[in-house]
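Take a look at the structure set out below.
Here, each number is a calculation from the coordinates, and none is a lab measurement. It should be emphasised that the depicted structure is a prediction, and the values quoted were computed from it without experimental measurement. Don't worry about glycine lacking a Cβ; one is built from the backbone with ideal geometry, like all the others, and counts go over all protein chains shown.
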Amino acid sequence: MAKTLFEWDYSDYPGAKRYPHLFKPIEIGNLLVPNRIKYAATEENLNGLDGFITDSGVAYMRERAKGVVGGLCFMQGVYMDEARKGQGYVGQAAAWDDKFIPGLKRIADAIHEQRAVAGFQLMDCGRVGAVEVESGHGPSTLPQRLRIFKPMVEMTNAEVKEMVQQHIDAAKRGIEAGFDVIEAYTPPPIGSLSVKEARAAWGENTIIWINFPETIFWQGKEATKQYTKELLLSDPPGDALILGFTEMGTWGSILNEETEVVFKDGTTAIMDAIEEYGNIPIIP
Ligand SMILES: Cc1cc2nc3c(=O)[nH]c(=O)nc-3n(C[C@H](O)[C@H](O)[C@H](O)COP(=O)(O)O)c2cc1C
């Protein structure tokens with residue numbers, strides 16, 4: 001049984017008359033979200049240079065939360081390493097230590113005060129990070145094409161493990177601060193944290209919004225369907241997992257007819273797998 005987070009009555013909203021589906025409640029995990037609107041995470045550079053939340057940052061998120069009228073409101077992505085290699089914005093919020101929890105809680109509270117669902121985003125900026133330090137970190141030294149970005153240092157296996165732990169710990173801080181949804185890390189083979197491991201660390205009540213590793217598409221339709229099936233079966237009963245997509249379908253990888261076919265086949269394979277194996281409750 002989903003718990004109602006906040007009651008909303010949209011009967012006087014012109015938008016609800018015009019777009020009734022957008023204003024239909026949806027059960028996600030243990031929440032009954034009153035509508036289908038999401039305010040996506042956006043850096044606003046309103047935090048202290050040390051990554052702490054400020055009064056203006058809280059005020060900004062309060063206004064954003066008003067706008068979703070009960071839907072999902074995400075705060076900007078946080079960086080998670082004390083060394084600041086993952087920091088991509090001068091005023092980006094940090095979550096690499098428990099000392100940031102009280103500030104983060106102010107954001108979650110401000111969103112909840114507007115009777116909206118609070119979303120937290122993990123965001124190590126990788127190749128576009130290291131704004132305040134001399135070098136960025138990543139799995140390879142592949143640089144960003146724009147010259148404003150810093151040189152990359154290839155991470156060791158131990159550093160990759162450390163980064164996985166940073167994601168686990170930062171998400172826990174977000175949960176402790178009161179956020180309802182954690183996005184948006186990419187599971188293997190791109191990232192190194194499986195949904196099963198994330199679920200074990202963050203608990204069954206946390207809604208996990210992953211970025212689907214679209215490079216799987218290059219392995220073909222069958223492999224993509226199989227991957228999606230395994231992903232779905234790895235997180236029963238399935239109602240607290242959201243599969244998100246980033247840029248591949250827009251400017252990322254559709255470059256010509258061949259890549260368009262790869263993208264279409266991949267998305268079709270995902271939809272087929274969801275049709276077949278995504279019925280909730282998912283029983284592995
Ligand atoms: C100023 C600004 C900051 C952003 N910061 C983030 C961020 O922290 N995390 C993220 O995933 N996307 C970030 N984005 C991307 C947005 O969340 C959104 O996906 C993008 O703007 C596309 O949506 P739109 O077409 O509605 O603008 C940012 C976008 C803007 C314009």
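Working note: 222 nm ellipticity from helices only, DSSP H runs with n ≥ 4, each -39,500 (n - 2.57), summed and divided by the residues of the chain, gives -10500 deg cm²/dmol to the nearest 500.
Measuring between their Cα centroids, region 191-212 and region 96-162 lie 17 Å from each other.
Karplus-derived 3J(HN,Hα) values for region 228-234, using 6.51 cos²θ - 1.76 cosθ + 1.60 with θ = phi - 60°, are 5, 4, 5, 4, 5, 5, 7 Hz; glycine and proline are entered as x. Taking 0.36 nm per residue of sequence separation and removing the Cα-Cα distance, the Asn30/Lys161 pair yields an extension gain of 44.1 nm. Per residue, the convex hull spanned by the Cα atoms of region 190-237 amounts to 72 cubic angstrom. Annotation: aspartates and glutamates with alpha-carbon distance below 16 angstrom to Lys3 (same-chain offsets under eight excluded): Glu27, Asp180, Glu204, Asp239. Based on C-alpha pairs under 8 angstrom that are at least 6 apart in sequence, the chain has a relative contact order of 14 percent. I'd like the Karplus ³J(HN,Hα) series for region 103-114: coefficients 6.51, -1.76, 1.60, θ = phi - 60°, whole numbers in Hz, and an x wherever there's a Gly or Pro. For region 103-114, the Karplus-derived couplings read x, 4, 4, 4, 5, 4, 5, 4, 5, 5, 4, 8 Hz, x marking Gly and Pro. Label-to-label distance, Ser135 versus Glu63, with points set 7 angstrom from Cα along the beta-carbon direction: 4.1 nm. Can you tell me which aspartates and glutamates have their Cα less than 13 Å from the Cα of Lys99? Leave out same-chain residues fewer than eight positions away. Within reach: Asp50, Glu82, Asp169, Glu176. Compactness of region 18-143, taken as the C-alpha radius of gyration over 2.2 N^0.38 Å, stands at 1.17. Taken over the Cα atoms of the chain, the convex hull encloses 147 Å³ per residue.
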